[in-house]
Amino acid sequence: MIDLHAHTNHSDGKDTPTELVENAVAAGVSVLAITDHDTVSGWDEAISAASSHGIGLIPGIEVSTRALTPSGHGVSVHMLAYLPDPNNQDLISALDKTKASRMIRAREMVARLSKDYPIDFEMVLQQLPEGSTIGRPAIADALVELRIVPTRSDAFTSILHRSSPYYVSEESLDTVEAIRLIRQAGGVGVMAHPLIDFPPGAKREDLPRAHFEHLIEAGLNGLEVDHRAVPSLAKSWLRDLVLKHNLIVTGSSDYHGVGGKDNKLGENSTAPEMLQRIIDQASGFEPLT
Ligand code: AMP
Ligand code: FE
Ligand code: FE
Ligand code: ZN
């Protein structure tokens, strides 16, 4: 099993990088990618754990981006960057900006919440190891600890939902700019869980072909089609796009640990030849194989 999308406590996962690797081994995963949001800080620990357990490790990042679709509305796009150079200054400073903006946004959300609930920012910071990428999951974990909501997922469907008055959006990189930075750092860019926000009643002809073709022209290497959140109509539409443009196609879990999300390690897998294409097209960092 080849699982190329998983989180640790360096962003919003529950496991340390070592625990992630141990859990991947137990789930029968033979090659794992660590893809924390907007950070490379978990790579070193994951690499040592994987080398002592004898599994393959592909270091990566899930980069937060925003795109303006041809129809003119802003959408959040997560870009998986595989094997970029972790010392590439342009990439690192872009990620640092996103992290700073996530911090400001989390503070603002907590300030709004604190008018109605006994929560403060210190409690949220306590949910995370120093230096981890902050997001709504850390706020959710503080709300769970305070017994304001029973689980992290309940927080996401209620007071942390995008339609909630406590919700604040963050600034992030433009998607095309992110693709450029990832490629320039020798990485391979695969769009994570494409079209998960597409309305359930959508028809094939409503899908944003021009938007995807624009990103492919900008250098997008692949699409994570096999992900539990991608609707089945979107999957078949995306597979046609993959064939037409000879893209890399991946399947992954997007595991966040127990109590993080329900996604299980190895629940989707990437074909070995697709992994090989990622390795062949990358030049920023050596994979552990
Ligand atoms: P944010 O990036 O701060 O807007 O928060 C969204 C992130 O929360 C996404 O990366 C999700 O993967 C993550 N997340 C973690 N646990 C959950 C959950 N139980 N429900 C929804 N999203 C979650
Ligand atoms: Fe996440
Ligand atoms: Fe994501
Ligand atoms: Zn993810």
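Can you tell me the dipole magnitude for the chain around its Cα centre, using point charges on the Cβ only (Lys, Arg +1; Asp, Glu -1), in Debye to the nearest 20?
Numbers: 25 positive and 39 negative charges, 167 e Å.
Magnitude of the dipole: close to 800 debye.
Please list F121, F285 from largest to smallest accessible area, probe radius 1.4 Å, with all protein chains kept in place. Numbers along the way, then the final one.
On the way: F121 25, F285 65 Å².
The ordering from most to least exposed comes out as F285, F121.
Divide the volume of the convex hull of the Cα atoms of region 138-289 by its number of residues and quote the answer in cubic angstrom per residue.
153
Using only alpha carbon positions, build the gyration tensor of region 69-156, then give the equivalent ellipsoid semi-axes as the square roots of 5 times its eigenvalues, largest first, whole angstrom. Write down the numbers at each step before the final one.
Details: eigenvalues 156, 61, 33 Å².
Listed largest to smallest, the semi-axes of region 69-156 are 28, 17, 13 Å.
From the backbone phi of region 264-280, what are the Karplus-calculated ³J(HN,Hα) couplings (6.51 cos²θ - 1.76 cosθ + 1.60, θ = phi - 60°) in whole Hz, Gly and Pro given as x?
So the Karplus estimates, Gly and Pro as x, are 9, 3, x, 5, 9, 9, 9, 5, x, 5, 6, 4, 4, 5, 4, 4, 5 Hz.
How high is the FRET efficiency between S163 and T289 when r is their beta carbon distance and R₀ equals 51 Å, given to the nearest 0.05?
Values: r = 44 Å, r/R0 = 0.86.
Computed FRET efficiency for S163 and T289 comes out at 0.70.
What does the charge count near S132 come to, summing +1 for each Lys or Arg and -1 for each Asp or Glu among other residues with Cβ under 13 Å from its Cβ? List each step's numbers first, then the result.
Working: positive: K14, K99, R102; negative: D12, D15, D36, D38, E45, E130, D141.
That works out to -4.
In Å and on Cα atoms, what radius of gyration and Dmax does region 164-248 show?
14.1, 43
Can you tally the net charge around G189? Count Lys and Arg as +1, Asp and Glu as -1, for every other residue whose Cβ sits under 12 Å from the Cβ of G189.
Around G189, the charge tally is -1.
Using the Karplus curve 6.51 cos²θ - 1.76 cosθ + 1.60 with θ = phi - 60°, work out ³J(HN,Hα) for each residue of region 122-127 in order, rounded to whole Hz, and write x for Gly and Pro.
Result, rounded to whole Hz: 4, 4, 6, 4, 5, 6.
Using modelled backbone amide H atoms (1.01 Å from N, in-plane), which distant-in-sequence or interchain residues come within less than 5 Å of T250's amide H?
L223, E224, V225, D226
Any number yet on Rg/Rh for region 52-103, C-alpha, Kirkwood? Provide the component values of the computation, followed by the final result.
Numbers: Rg = 14.6 Å, Rh = 13.2 Å.
Using only Cα positions, Rg/Rh for region 52-103 is 1.10.
Please check: in the Gaussian network model of the chain (C-alpha springs, under 10 Å), which one of L125, L220, L68 has the largest mean-square fluctuation.
So, out of L125, L220, L68, the one fluctuating most is L68.
To the nearest 500 deg cm²/dmol, what mean residue ellipticity at 222 nm is calculated for the chain from DSSP H runs of n ≥ 4 alone, each contributing -39,500 (n - 2.57), summed and divided by the residues?
Values: 10 runs with 111 residues, N = 289.
About -11500 deg cm²/dmol.
Looking at region 13-81 from every direction and averaging, what is the projected area of its Cα convex hull in nm²? Please report the intermediate quantities before stating the final value.
On the way: hull surface 21.4 nm².
For the Cα atoms of region 13-81, the hull's average projected area reads 5.4 nm².
Using all C-alpha to C-alpha distances in the chain, build P(r) with 5 Å bins and read off the rounded percent in each one.
Per 5 Å bin, starting at zero, the Cα-Cα P(r) for the chain comes out as 1, 6, 12, 17, 19, 17, 14, 9, 4, 1, 0 percent.
Tell me which lysines have Cα within less than 27 Å of K14's Cα, excluding those fewer than 8 residues away on the same chain?
Counting by Cα, and skipping residues close in sequence, K14 has these lysines nearby: K97, K99, K261, K264.
Once the dipole of region 173-237 is set up with Lys and Arg at +1 and Asp and Glu at -1 on Cβ about the Cα centre, which of V230, P199, L173 lies farthest towards its positive end?
V230
How much net charge surrounds G251 when only the other residues with a Cβ under 15 Å from the Cβ of G251 are counted, with Lys and Arg +1 and Asp and Glu -1?
Numbers: positive: R228, K235, R239, K264, R277; negative: D3, E224, D226, D254, E267, E273.
With Lys, Arg at +1 and Asp, Glu at -1, the neighbours total -1.
So what is the diffusion coefficient of region 1-155 in µm² per second by Stokes-Einstein at 20 °C and 1.002 mPa s, using a Kirkwood Rh over Cα pairs?
Working: Rh = 16.7 Å.
The calculation lands on 128 µm²/s.
Of the peptides 5-16, 245-256, 167-178, how do they stack up when ordered by the mean number of other Cβ atoms within 10 Å, highest first?
On the way: 5-16: 24.9, 245-256: 22.2, 167-178: 18.6.
Going from most to least packed, we get 5-16, 245-256, 167-178.
Taking the Cα centre of region 53-160 as the origin, how large is its charge dipole in debye, to the nearest 20, when only Lys and Arg (+1) and Asp and Glu (-1) carry charge on their Cβ atoms?
Working: 11 positive and 12 negative charges, 67 e Å.
I would put it at about 320 debye.
Quick check on region 215-289: what does the Kirkwood estimate of hydrodynamic radius come out to from the alpha carbon pairs, in Å? Let's see the in-between values first.
Details: mean 1/r = 0.0725 Å⁻¹.
Over region 215-289, the inverse of the mean reciprocal pair distance is 13.8 Å.
If amide H atoms are built 1.01 Å from N in the plane of the peptide, which residues on other chains or at least 5 residues away come under 5 Å of the amide H of D174?
Answer set, sorted by chain and number: R66.
Among the lysines, which have Cα under 23 Å from the Cα of K244 when same-chain residues fewer than 8 positions away are ignored?
K203, K235
In terms of the ratio Rg/(2.2 N^0.38 Å) built on C-alpha atoms, what value belongs to region 119-227?
Compared with the compact-globule rule of thumb, region 119-227 sits at 1.36.
The values are calculated or read from the model by the stated rules, or taken from the named source; none is laboratory data. Just so you know, these numbers come straight off a predicted model, no measurement behind them. Methodologically, a virtual Cβ is constructed for each residue, glycine included, from the backbone with ideal geometry; neighbour enumeration extends over all protein chains shown. Please note that ligands, DNA and RNA were not included when accessible areas were found on the heavy atoms of the full protein model with its side chains. Shrake-Rupley method; radii C 1.70, N 1.55, O 1.52, S 1.80 Å.
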